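Undergrad: Can you read through this structure? Questions will come right after.
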Amino acid sequence: MFIAPYAILFILIIVLPVVVAILLSFTSFNTINPPEFIGFKNYVDIFTGDTVFLQKAISNTLLFSVIVGPIGYMLAFFLAWMLAQVTHRLRTFYAVIIYSPSITGAVMMANVWRVLFSGDETGYLNNVLMRWFGLDSPIQFLSDAQILFPIMIIVALWSSMGLGFLAMLAGILNIDRSLYEAAAIDGMKNRWQEIFYITIPVIKPQMLFGAVMSIIGTFNAAGLAAALSGGATPPQYSGWLIVDHAIDFGFTRFEMGYASAITVILLLVVVLFNRIAYKLFGERD
């Protein structure tokens with residue numbers, strides 16, 4: 001009875017949509033006519049004929065996740081550790097500043113960054129480069145496929161200090177200070193030893209939570225490149241992620257069965273990386 005509310009919500013919000021997506025992935029469904037069972041055709045089409053998915057979405061998503069995930073994760077731990085060293089009032093002030101970008105929405109933040117990287121003289125960065133460094137013409141930051149993706153990564157890192165960061169900060173603040181005192185008596189000499197031999201082992205649950213949230217957040221990212229470039233599709237599919245591909249087929253082309261197959265593939269990838277996170281930070285028997 002106590003776990004029933006959670007169990008019901010978990011089934012309705014998590015389990016049921018996943019089951020429906022898996023079932024729809026074996027159908028041709030345009031959201032109007034009833035789904036038509038077609039077997040593994042959607043998966044065969046994805047891996048044999050969808051060049052955008054194979055050449056852009058997968059590589060961009062993996063590169064985005066490999067860069068933003070680990071760097072954002074390490075940055076979250078480092079900032080949490082730094083904030084734990086200051087007074088309560090300063091800690092609260094800086095924590096709000098660091099955490100706020102993660103709750104304001106990636107698309108809205110992309111619109112703010114578009115002003116900075118605008119491809120004309122009114123763009124802040126172009127204005128500085130032209131006025132102070134003698135640049136002849138503005139750089140098209142958001143129209144150049146080679147530049148757009150790095151900008152997208154910068155924006156994602158800037159807004160990556162979410163719940164994982166708060167969990168690590170809470171974990172560090174609740175470590176028993178007597179552990180550090182005992183370690184100092186036993187011969188521990190510097191802060192690096194404290195971090196690796198006390199802080200990280202003690203807050204392993206929070207580290208695991210942060211790792212899972214980082215993996216889910218990076219693999220589920222979508223719409224950032226399009227919001228930065230100002231179009232439905234970014235130039236040359238730069239920054240085009242798997243979720244962008246699924247949204248395009250599901251809500252633009254109304255091929256819901258094909259979009260469901262894409263999301264099932266993404267689910268398997270996320271589960272794989274979550275298992276790796278559990279191996280690294282989970283409790284060992």
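The values are calculated or read from the model by the stated rules, or taken from the named source; none is laboratory data. Predicted, not measured: the structure shown is a model, and the values here were computed from it. Virtual Cβ from ideal backbone geometry, glycine too; neighbours counted across all protein chains shown.
Undergrad: Is there any pair linking a residue in the stretch 153-170 that is aromatic (Phe, Trp, Tyr) and crowded, with 24+ Cβ neighbours inside 10 Å to one that is at pLDDT 90 or above and in a helix (DSSP H, G or I), with Cβ under 7 Å and at least six apart or on different chains, and which?
TA: Once the first residue is aromatic (Phe, Trp, Tyr) and crowded, with 24+ Cβ neighbours inside 10 Å and sits in the stretch 153-170, its partners that are at pLDDT 90 or above and in a helix (DSSP H, G or I) give 165/76; 165/79; 165/80; 165/98; 165/99.
Undergrad: Among the residues of the stretch 125-145, write down those that are in a helix (DSSP H, G or I) and either at pLDDT 90 or above or farther than 19 Å from residue 232 by Cα (or both). Even if it seems obvious, please write down each step before you answer.
TA: Residues of the stretch 125-145 that are in a helix (DSSP H, G or I), as a first pass: 125-132, 145.
Result: 125, 126, 127, 128, 129, 130, 131, 132.
So that you can scan it fast, the table gives a plain yes or no per residue for (1) of a type in the set (A, V, I, L, M); (2) over 18 Å from the mean Cα position of the chain (by Cα):
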| position | (1), (2) |
| --- | --- |
| 230 | no, yes |
| 239 | no, no |
| 245 | no, no |
| 251 | no, yes |
| 255 | no, yes |
| 267 | yes, no |
| 270 | yes, no |
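Undergrad: Now for a different question. Would you confirm, using the coordinates I've provided, whether residue 76 is over 28 Å from residue 143 (Cα atoms), assigned to a helix (DSSP H, G or I) and in contact with a helix residue (DSSP H, G or I) (Cβ under 6 Å, 6 or more places away or on another chain)? Walk me through how you get there before you give the answer.
TA: On the way: over 28 Å from residue 143 (Cα atoms): yes; assigned to a helix (DSSP H, G or I): yes; in contact with a helix residue (DSSP H, G or I) (Cβ under 6 Å, 6 or more places away or on another chain): yes.
When the stated conditions are applied, residue 76 passes them.
Undergrad: Could you figure out which of (1) touching a Phe, Trp or Tyr at 6+ places or on another chain (Cβ under 9 Å); (2) more than 27 Å from residue 261 (Cβ to Cβ); (3) surrounded by fewer than 13 Cβ atoms within 10 Å (Cβ to Cβ) isn't true of residue 36?
TA: The number of the failed condition is (2).
Undergrad: Report, by residue number, each residue of the stretch 229-253 that is aliphatic (A, V, I, L, M) and either touching a Lys or Arg at 6+ places or on another chain (Cβ under 6 Å) or within 19 Å of residue 46 (Cα to Cα) (or both).
TA: Kept after step one, since they are aliphatic (A, V, I, L, M), are these residues of the stretch 229-253: 232, 241-243, 246-247.
Hits for the stretch 229-253 are 241, 242, 243, 246, 247.
For (1) surrounded by 11 or more Cβ atoms within 10 Å (Cβ to Cβ); (2) among the charged types (D, E, K, R); (3) under 30 Å from residue 96 (Cα atoms), each residue gets a yes or a no:
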| site | (1), (2), (3) |
| --- | --- |
| 21 | yes, no, no |
| 51 | no, no, no |
| 54 | yes, no, no |
| 59 | yes, no, no |
| 63 | yes, no, yes |
| 72 | yes, no, yes |
| 75 | yes, no, yes |
| 78 | yes, no, yes |
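Undergrad: Another question, if that's okay. Looking only at helices (runs of 4 or more DSSP H) that fall completely inside the stretch 1-59, which ones have 3 or more residues that are touching a residue at least 12 places away in the same chain (Cβ under 8 Å)?
TA: On the way: elements: 4-10, 16-24, 41-49.
Qualifying helices (runs of 4 or more DSSP H): 16-24, 41-49.
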